[in-house]
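Novice: Supplied in structure tokens, the structure appears directly below.
The values are calculated or read from the model by the stated rules, or taken from the named source; none is laboratory data. Not measured: the values here are computed from a predicted model. So basically every Cβ, Gly included, is an ideal-geometry build from the backbone, and we count neighbours across all protein chains shown.
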Amino acid sequence: MPAPSLKQFAVAAFLSLLVGSLLTGAFLSGLFANAQLRGTDFLFTDQNESFSGSIVIVGIDQRSYRELLPRHGPLVGWSRALYAQAVDRLRSAGARVIALDLFFDAPGAEDSGLIDAISRAGNVVFPVEGQGPGVFHPRPGVVQVFDVFVRATPRIAAAAVAEGSVNVTTDRDTVVRSLPLVLESGEEVIPSLSLAIISRFIRRANILDQDPTSATIYAAGRTIPVLDNGRMLINYSGPPSSPGVSRGFPIIPFVDVINGSFDESLVRDKIVLLGLTIRGIDEFATPTTSTTRMWGVEVQASAVDTLLAERYLLPSSRTTTVLLIYAAALTGAIFAVAARPLNGISGLAASLFLYLVGASMSFDRGLLLNMVYPPAAVLLGFTATQGYRIFFEQGQRQLVQDLMSRYLSPSISQWVLQQPGQVTLGGETRVMTVLFCDLRGFTTLSRSMEPHLVVSFMNDFMTAMTDIIFRHDGVLDKYIGDEVMAFWNAPREQPDHAALACQAALDMVREIDGLRSSWSQHGLPPLDIGVGINTGPMVVGNMGSRERLAYTVIGDAVNVASRLQNLNKEFGTHVLTTDATRNAAGDRFVYRPIDQVTLRGRDEPIRVYELLEQDVLKDSPKL
């Protein structure tokens, strides 16, 4: 390959600038925002353990429900004495913070016992849920405002050491990737449940403050980067847990806590979140979920884990993303102009891989690189430049493709262009299927016809037969007078080559029925066709001189198919084939045994079958 010229580099630079500008405009206008969200989701690793190692979940799971049902009835009617007992057990085991992801917003008969247990513990955090439109405060834009807060009854809430919001943000694709850290309703401002838990855990006053010049919140002794609308991205440490299988956080069944049959060392000096872990209740899609959704209490635990380990996430700035877009587009364009196509594609793949590695490393440091536009830029930069080269610099390739399309179906023609090394001059031996189709009686009839009519009728016939061959991914070998030759299983391997040839033959018989009506209008007698099909080893390849080649097949199996085509006139049949084709094509077709014949040039007889349509079997019970 000659060295690229200065003009080619100039074209590459121009095209990369054009691609970069188009993608930058799309990025700044917010197009494909959902794709970007999805793109960053796969960066979350499946480490199956929390970042901090200080969080435990007590789950009201299916087993707990099943074992407690006989004594306490349905879940909604469980006595609050049960929850008081759980709080006492966890306090005795040494839990540093106990957070309930459960609402007691209506008075209950055993409220006093629960309140006493909460007071004894002195470390219980209760949930609050903001309800209403949830709009964001315009200045500085880090407070989400709700109409009303739903919370525990005043007596229960007063016993808690703190309250926090369990609100999460669902993106347009229904995935929970973030939550608001500061919420407001009327004159009341409260933190998220995760912030309230952290404040209690590290024993720092939960003083909320915010930087009016940047998207930053200061709380619980931490500087927390947030999105422009005050939401914190949750850094999930792994996929969701499932019944009986804990992933990121240890999960203790609620009934084990009630019975005192759990390992107390698991909760000692830990944050304990108590919530529902029953499938179908309080579940969310997250970046780490596929078909299994994550329980709400596990989402809250992940938010606490993000804050406790200070593993914050923040998208790259717009400026950074725009620079990456232009750099990626230029990289793709240079690969297209400076390397052979295969090497260019390899370089392109390497660039995408390196970007993925860089994005993964940046993710580990809390920076989310755009996973849509820079990769798209390198691909489009390469494609645009390579397209220019193909269109303006490699016009001969298109000419070759046009030429091949006359002999190969579009799909095989494209395959040959993509796999040129698969078609060799010397050829190779393969088991293939070959077909010969002849228009009976036309040679004699053509002697009495005007030349232009001969050409017209032959073109109609050849076009119809060729279309059928291509429709079934066959290769048109050649036209021999009023005969068509085609084969299957080369240059591309086709496991069902025999079946494709048989179906093509049946379609040819049907097609000739339609052509007869057109020909009869010109005074032609009802012409018919004969088709011969055989399967066997053949030599296939480009044969001829280097100046003039023909991609064809030769061999004894080819001769058999040609002889069978001629036998149709003798037996009064349309399509004849052999045991080899019948066995290769399978039982999806109907075959009628004809005879054992000894073909010219062969010593051993072969069994010959007529290939029939399926409906012939219904009309001819003797077959």
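Let's see how each residue does on (1) out of contact with any Gly (no Cβ under 9 Å at 6 or more places or on another chain); (2) in contact (Cβ under 8 Å) with a residue 40 or more places away in the chain; (3) surrounded by fewer than 16 Cβ atoms within 10 Å (Cβ to Cβ):
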{"position": "Leu439", "(1), (2), (3)": "no, yes, no"}
{"position": "Ser446", "(1), (2), (3)": "yes, no, no"}
{"position": "Leu453", "(1), (2), (3)": "yes, yes, yes"}
{"position": "Phe461", "(1), (2), (3)": "yes, yes, no"}
{"position": "Ile468", "(1), (2), (3)": "no, yes, no"}
{"position": "Gly474", "(1), (2), (3)": "yes, yes, no"}
{"position": "Val484", "(1), (2), (3)": "yes, yes, no"}
{"position": "Trp488", "(1), (2), (3)": "no, yes, no"}
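Novice: Given (1) within 30 Å of Val125 (Cα to Cα); (2) assigned to a helix (DSSP H, G or I), identify the lone condition not met by Thr289.
Specialist: (2)
Novice: Among the listed residues Ala505, Ala498, which satisfies the condition of being buried (at least 21 other Cβ atoms within 10 Å of the Cβ), of a type in the set (Gly, Ala, Ser), touching a Leu at 6+ places or on another chain (Cβ under 8 Å) and under 23 Å from Ile606 (Cβ atoms)?
Specialist: So the residue among Ala505, Ala498 that is buried (at least 21 other Cβ atoms within 10 Å of the Cβ), of a type in the set (Gly, Ala, Ser), touching a Leu at 6+ places or on another chain (Cβ under 8 Å) and under 23 Å from Ile606 (Cβ atoms) is Ala505.
Novice: Quick one: what pairs do we get from segment 540-554, first residue under 10 Å from Asp477 (Cβ atoms), second at pLDDT 85 or above and of a type in the set (Phe, Trp, Tyr), C-beta under 7 Å, 6+ apart or different chains?
Specialist: Val553/Phe487
Novice: Additional query: Which residue pairs have Cβ atoms closer than 6 Å, lie 6 or more positions apart in sequence or on different chains, and pair a first residue in segment 121-133 that is more than 7 Å from Ile98 (Cβ to Cβ) with a second residue that is basic (Lys, Arg) and assigned to a strand (DSSP E or B)?
Specialist: Taking only residues 6 or more apart or on different chains, the pairs are Val128/Arg151.
Novice: Sticking with this structure for a sec: So Asp269 clears everything in (1) crowded, with 21+ Cβ neighbours inside 10 Å; (2) on the phi > 0 side of the Ramachandran plot except one condition, right? Which one?
Specialist: Of the numbered conditions (1) crowded, with 21+ Cβ neighbours inside 10 Å; (2) on the phi > 0 side of the Ramachandran plot, the odd one out for Asp269 is (1).
Novice: Can you pull out the residues in segment 449-498 that are over 25 Å from Arg588 (Cα atoms) and among the polar types (S, T, N, Q)?
Specialist: If the condition is that a residue be over 25 Å from Arg588 (Cα atoms) and among the polar types (S, T, N, Q), then Ser456, Asn459, Thr463 are the ones that fit.
Novice: Residues Leu356, Leu352: which one is under 15 Å from Thr383 (Cα atoms) and either surrounded by 15 or more Cβ atoms within 10 Å (Cβ to Cβ) or touching a residue at least 40 places away in the same chain (Cβ under 8 Å) (or both)?
Specialist: Going through Leu356, Leu352 in turn, the sole match is Leu352.
Novice: Let me ask something else about it. Please specify each residue of segment 228-247 satisfying the condition of being part of a loop (DSSP other than H, G, I, E, B), out of contact with any Asp or Glu (no Cβ under 9 Å at 6 or more places or on another chain) and either of a type in the set (Lys, Arg) or modelled with pLDDT under 75 (or both).
Specialist: Ser246
Novice: Now a separate question. So Ile197 passes all but one of these: (1) within 30 Å of Gly108 (Cβ to Cβ); (2) surrounded by 21 or more Cβ atoms within 10 Å (Cβ to Cβ); (3) at pLDDT below 80. Which condition number does it fail?
Specialist: That leaves (3) as the condition not met.
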